[in-house]
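Worksheet for the structure shown next.
The values are calculated or read from the model by the stated rules, or taken from the named source; none is laboratory data. All of these numbers come straight from a predicted model, not from anything done at the bench. Virtual Cβ from ideal backbone geometry, glycine too; neighbours counted across all protein chains shown. Protein only, heavy atoms only, side chains kept; ligands, DNA and RNA dropped before computing areas. Shrake-Rupley method; radii C 1.70, N 1.55, O 1.52, S 1.80 Å.
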Amino acid sequence: MIDIHSHVLHGLDDGPASLEQSLELARLAVQEGISTIIATPHHRKGSYYNPAQTVETAVSLLQEQLVRHQIPLTICSGQEIHTHPQWLDDLYANQLLTLNGSSYILIEFPSSKLPERVEEIFHELSIRHLTAVIAHPERNKEIAEQPDKLLKLIEYGALAQVTSHSITGYFGPQVRSVALELCRRNLIHFIASDAHDAVRRPFHLQRAYGIVTEKLGGDYVKYYQHNAESLLKDRSFEIWRPVRQVRRSFFFTQLPRFFRRNRSL
Ligand SMILES: [Fe+2]
C-alpha cells in the first residue's frame with residue numbers, strides 16, 4: 001500500500017518528537033503492509049515552517065536510518081501546505097514541494113471555513129500545471145455542512161483525500177458520516193493516514209479500506225489504491241464522475257405544505 005499523507009519525520013511539526021518515534025511509526029507502517037509513504041509535514045500552519053530543503057534533508061536522513069535499521073519502507077518528500085496568505089510567495093520562491101516530485105500538491109484548508117478567494121489558489125496552481133489534492137475536506141466545517149462546495153472545487157480541477165481515522169470514527173460519528181458520504185458521492189480520490197504517532201494516530205489504512213469495502217464495496221478501495229499509485233508515479237488517472245445531490249422536486253417539497261396550509265383554513 002501507498003500512503004500519500006503522513007507526518008513521519010521527527011521534530012518538524014506535531015508528528016514524532018524523536019528519531020525513535022519515527023522508526024516506531026515506520027515499523028507499524030511495514031506491519032500494516034505499507035511499502036511507500038510520502039512525508040508531508042505541515043508548512044505554514046501556525047508556527048510550522050518547513051520549506052522544501054528542510055523536508056528533503058529530513059527525508060534523506062530518515063531513509064538512511066530505515067536502511068540502517070533494516071526497515072523496508074520508502075519515504076518520499078512532500079508537504080501539507082496550509083493556505084496561509086504567504087503561500088503564493090513560497091510557490092514563486094520554489095519553497096513548495098509537490099508529492100514525490102509529481103504534479104500533485106497537498107493543500108490544507110482551515111478547519112472552520114474555506115479560504116477566501118479559493119478559486120485564486122486553483123488558478124495559480126493550474127498555471128503551473130499542478131493539481132491540488134485537498135487534505136481531509138471532511139474535517140472542514142463549511143464543506144461538511146455543504147458538500148456541494150467540494151463538488152465545485154473538484155469541477156475547478158482539484159482532487160480530495162479523506163483521512164483513514166475519519167472513516168474509522170476517531171474524529172467522531174459526524175465526521176465519519178460526512179467522510180463516507182463524500183466517498184459515496186465520488187468526491188474523494190484518495191484515502192491516506194495523516195499518521196502523526198504510533199499511539200493516538202497511527203496509519204489504520206487497512207481498517208479504513210475494510211470499512212469502505214463493507215459500506216461502499218471493493219471497487220472503491222481498488223479506485224483509491226490505483227489513484228495513490230498513479231499519483232506516486234505522476235500519472236493521470238480516470239476520475240469517477242461526482243454524484244450530484246438529489247434535490248427533491250417542487251412537487252415533493254412544496255406541494256404537501258400547500259395542502260397542509262389549505263387544510264388548516
Ligand atoms: Fe496532515
Residue 133 - accessible surface, heavy atoms, 1.4 Å probe, Å² rounded to 10: 0 Å²
0 to 90° range, to nearest 10: angle between helix 19-32 axis and the chain longest Cα axis: 60 degrees
Candidates per chymotrypsin sites (Phe, Trp or Tyr not before Pro) in the range 131-232, loop by DSSP, up to 16 other Cβ within 10 Å: 156, 170
Cα-based shape type of the range 90-246, given that a ≥ b ≥ c are square roots of the gyration tensor eigenvalues and the cut on a/c is 1.5: rounded
Signed unit charges on C-beta, dipole axis of the chain, positive-most listed residue 162, 23, 2: 162
0 to 90° range, to nearest 10: angle between helix 173-184 axis and the chain longest Cα axis: 90 degrees
Relative pair counts by distance (%), Cα atoms of the range 1-102, 5 Å bins: 2, 14, 26, 25, 17, 9, 5, 2, 0
Overall form of the range 160-199 per C-alpha gyration tensor (a/c, 1.5; a/b vs b/c): oblate
Over the chain: helical MRE at 222 nm, DSSP H runs n ≥ 4 each giving -39500 (n - 2.57), nearest 500: -13000 deg cm²/dmol
Sparse-neighbour loop sites [trypsin sites (Lys or Arg not before Pro); the range 54-117; at most 10 other C-beta within 10 Å; DSSP]: 117
Solvent-accessible ranking of 13, 219, largest area first, probe 1.4 Å: 219, 13
At 1.567 mPa s and 4 °C, Stokes diffusion of the chain via Kirkwood alpha-carbon radius, µm² per second: 67 µm²/s
Most to least accessible of 165, 82 (protein chains only, probe 1.4 Å): 82, 165
Solvent exposure ordering (accessible area, 1.4 Å, most first) of 20, 56: 20, 56
Nearest-ten-degree value, helix 118-127 long axis tilted from longest Cα axis of the chain: 50 degrees
